[in-house]
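Comments concern the structure below.
The values are calculated or read from the model by the stated rules, or taken from the named source; none is laboratory data. All values derive from a computational prediction rather than experimental measurement. In this analysis, Cβ positions are derived from the backbone assuming ideal geometry, glycine residues included, and neighbour counts consider all displayed protein chains. To get the accessible areas, we keep the full protein, side chains included, count just its heavy atoms, and leave off ligands, DNA and RNA. Shrake-Rupley method; radii C 1.70, N 1.55, O 1.52, S 1.80 Å.
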Amino acid sequence: MPAAPEPGGGAALEAASRERRWWGRVTGRLDRAGQAFAAQIRERLPLGRGLDDEFYDALTDVLIASDCGVAVAEGLVEGLRVRARAKGLRQAADAVAALQAEMAQSLVTRPRELRLVGAPAVCLVVGVNGVGKTTTVGKLAHRLVQDGRRPLIAAADTYRAAATEQLRVWAQRAGVEMVAHRPGADPGAVLFDAITAARARDRDVVLVDTAGRLHTRQNLMAELGKLVRVAARQVEGGPQEVLLVLDATTGGNALSQARTFQEVAAVTGLVLTKLDGSARGGGLLQIEAALDLPVKLVGVGEALDDLGAFDPQAFLEALFRGVGEPAAT
């Protein structure tokens, strides 16, 4: 079987260019978060004065109100204090501009590339009901085809009414094949057959749509653990990715459910859907810090190409557009 495409060269340059175009196209959809963040700064920060404890305390409150969470907000403000002293900043407005660089520093260290190397690679897409797992699988299949990959979809959500048909529509839109069983079938058997079919049909990625499950339902979480074990038995190093889909509009409320998924399925990365519907841009920073996981993909709509690789710099530029010019790092 041909190996998965290696990074670098013309394909990698084209992929990077496509991501830049994608962010350029969707940046305007993040205006809700950016406008809310800018309004908080204008209304609550004493920008016309020098840097003092009052300013930093007010900034901490703004960050918490933007859903950063207390720990992340305090860490950002302390880092900003250090940065301001090092750069000799004296005015509150200059410190606000430098805040973007401080946020960027907290985001750039995490590896965000999808690790899909295997024969085939297995990518489980997990999460609670209603966060957009099925649409994420379809959009991700489309992205992989654009990258020259040969994905196959496994319809392992065998319980939800019409789940397979919904996924079949997305598979057809993406132009990829799908393996499915009858309603109520064992999801582990679906995954086993999908891996077997991928090898037989020369497919290099198996994307697995799993049933939505509450983190408190022990039987369903145990079933998810079984899918992980099936992938591990059938593919060396599998599953290569376990992507947890979270609704960006829920902010910190998603953390408790996410921690349980981490324990059961060894989550490797996050997908934030409905990013354009969130008015609290700081939630992304809180989720990453609390879970110690990178956001790898973000969704901003229902179209086939409304899923992109998360770009911290582009996201922060959109968030700060209403505040002022970006600060140089």
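The table for this structure:
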{"quantity": "Length gained when the stretch L304-D292 is fully extended (0.36 nm per residue, less Cα-Cα span)", "calculated": "1.4 nm"}
{"quantity": "Size of charge dipole - segment 75-184 - debye, nearest 20, with Cβ of Lys, Arg +1 and Asp, Glu -1, no other charges", "calculated": "180"}
{"quantity": "Count, lysine Cα pairs under 29 Å in the chain, 8 or more residues apart or across chains", "calculated": "8"}
{"quantity": "Linear extension gain, I64 paired with K226, 0.36 nm per residue minus alpha-carbon span", "calculated": "54.5 nm"}
{"quantity": "Surface accessible to a 1.4 Å probe, R143 within the full protein complex, Å²", "calculated": "30"}
{"quantity": "Where the chain is the region considered: accessible area per residue in Å², 1.4 Å probe", "calculated": "43"}
{"quantity": "Peptides 69-80, 198-209 ordered by average Cβ neighbours within 10 Å, highest first", "calculated": "198-209, 69-80"}
{"quantity": "Cα centroid of segment 170-222 to Cα centroid of segment 286-325, whole Å", "calculated": "27"}
{"quantity": "Probe 1.4 Å - accessible area at F315, Å² to nearest ten", "calculated": "10"}
{"quantity": "Spin-label pair D57/Q105, simplified geometry with 7 Å Cα→Cβ offset, distance in nm", "calculated": "2.5"}
{"quantity": "Accessible-area composition of the chain, carbon plus sulfur, in percent [1.4 Å probe]", "calculated": "51"}
{"quantity": "Length released on extending from R115 to A16, taking residue separation times 0.36 nm less the Cα-Cα span", "calculated": "34.0 nm"}
{"quantity": "Lys, Arg +1 and Asp, Glu -1 on Cβ, resulting dipole of the chain about Cα centre, debye, nearest 20", "calculated": "560"}
{"quantity": "The chain, helix-only ellipticity at 222 nm - DSSP H runs n ≥ 4, -39,500 (n - 2.57), divided by all residues, nearest 500", "calculated": "-16000 deg cm²/dmol"}
{"quantity": "Virtual spin-label span in nm between L255 and A189, 7 Å along Cα→Cβ", "calculated": "4.2"}
{"quantity": "Surface accessible to a 1.4 Å probe, S106 within the full protein complex, Å²", "calculated": "50"}
